[in-house]
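Structure first, commentary second.
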Amino acid sequence: MSFVDESSSMREVDGQPYRVFEWGTGPPVVVLHGWGGRIESMAPILTCLKNDVRVVAIDLPGFGHSPLPPTPWGTPRYASFVRRVMEDMGIESASFVGHSYGAKTALFLAATQPQVVDKLILVSSSGLRTPPSTKARAKRQVSKVARAAGRLGRPGEKVREAVYRRIASSDYKEAGELRPTLVKVVNEDLVEYLPQIEASTLLVWGTEDDSVPLSHAHTMERLIPDAGLVLFDGAGHFPYLDEQTRFCRIARNFLGAGGG
C-alpha cells in the first residue's frame, strides 16, 4: 500500500463525495491534478512537500475515486467545490500547486476569491483559448457535414459516428461520461481573469509541451501582476515528472517549504 492510499479517505460536501489525501502539518498546500488524472498523478509533488507543509490533494469529481457530479460542471463550479473542500478541511487559505486543468481551477479560484489563495504554482496550465488553426477549421467543416449526415436517418448516423471518431481529440474520445464536462471547459477562456490574480504566481512549463502552447505561458506571465516563468528545456506537458528533482527544488523554494 502506497503512502497515498494510507493517507487518503472519502469525505462529502454538499452531497458530493470526494476522495482526499492529507499529510503533514504546517502551512496548507492544496494540490490539484490535471484532466484525466487523480491524486496519484501528483505523487512526486506530494512526496516533495509532505514533510514540511500540510499537503491536501483531491480527486476532483469525476476523476479517480470521486464520483461524477450530477450535472456537467464548468471551471467555476469546480473552483467552488475546491473552496468548499477547504472549508470542510478547516482551511481558511492555502497555497496551490495545480497541473493543467487543476492549474486552471486554481487560477480561477485565485482570481475570484483572492483571500483564500496565498501562492500559486501553475504547471502547464490550461485556461486560454487559441485561435483555431487551418487544420482545426477544416475539422469544424467536416463536423458540420457529419451533423448534417446525422439528420438523414440511420445510414447518416453511421457516417456521423465514423467522422467523429476520425477527427475527435484523444481527450474527447476517452472522456466517456465526462464528455459534456470536457466540452464545457475547453470552450472557456480565462484571459480576462489573469489581471485579477493577487497571489504570487510561479508558472512552470516544458518547452516541448504539445498540449498547451508555450505562448500561453508568456501570456500568463505578462497579464498576472506578480508572476514569473520557469521553463524546463526539452520537457513536455508533465515537467514535474520529466525533471522531478529540479521541480521539487524550485517548488519548495517558492513555497518556503524548508531547505533542500
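Tabulated results
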quantity	calculated
Tally, over the range 195-223, of residues that are more than 18 Å from Leu255 (Cα to Cα) and of a type in the set (A, V, I, L, M)	5
Of all residues in the range 227-247 being assigned to a loop (DSSP other than H, G, I, E, B) and touching a residue at least 40 places away in the same chain (Cβ under 8 Å), the one that is surrounded by the fewest Cβ atoms within 10 Å (Cβ to Cβ)	His237
Entirely in the range 1-94, the helices (runs of 4 or more DSSP H) that have 3 or more residues that are closer than 24 Å to Asp118 by Cα and in contact with a strand residue (DSSP E or B) (Cβ under 8 Å, 6 or more places away or on another chain)	43-49, 75-88
Selected residue (criterion: nearest to Ala103 (Cα to Cα)) from residues of the range 209-226 that are open to solvent by less than 30 Å² (accessible area, probe 1.4 Å) and not in a helix (DSSP H, G or I)	Val212
Qualifying residues in the range 70-92 (those that are touching a residue at least 60 places away in the same chain (Cβ under 8 Å) and over 17 Å from the mean Cα position of the chain (by Cα)) - the one nearest to Val212 (Cα to Cα)	Arg84
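One line per residue, one yes/no per condition, for (1) at pLDDT below 95; (2) more than 24 Å from Leu255 (Cα to Cα); (3) not β-branched (Val, Ile, Thr):
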{"position": "Val20", "(1), (2), (3)": "no, no, no"}
{"position": "Pro28", "(1), (2), (3)": "no, no, yes"}
{"position": "Ile58", "(1), (2), (3)": "no, no, no"}
{"position": "Pro72", "(1), (2), (3)": "yes, yes, yes"}
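The values are calculated or read from the model by the stated rules, or taken from the named source; none is laboratory data. Just so it is clear, the structure is predicted and the values come from calculations on it, not from any experiment. Glycine also receives a Cβ, built like all others from the backbone with ideal geometry; neighbour counts cover every protein chain displayed. Please note that ligands, DNA and RNA were not included when accessible areas were found on the heavy atoms of the full protein model with its side chains. Shrake-Rupley method; radii C 1.70, N 1.55, O 1.52, S 1.80 Å.
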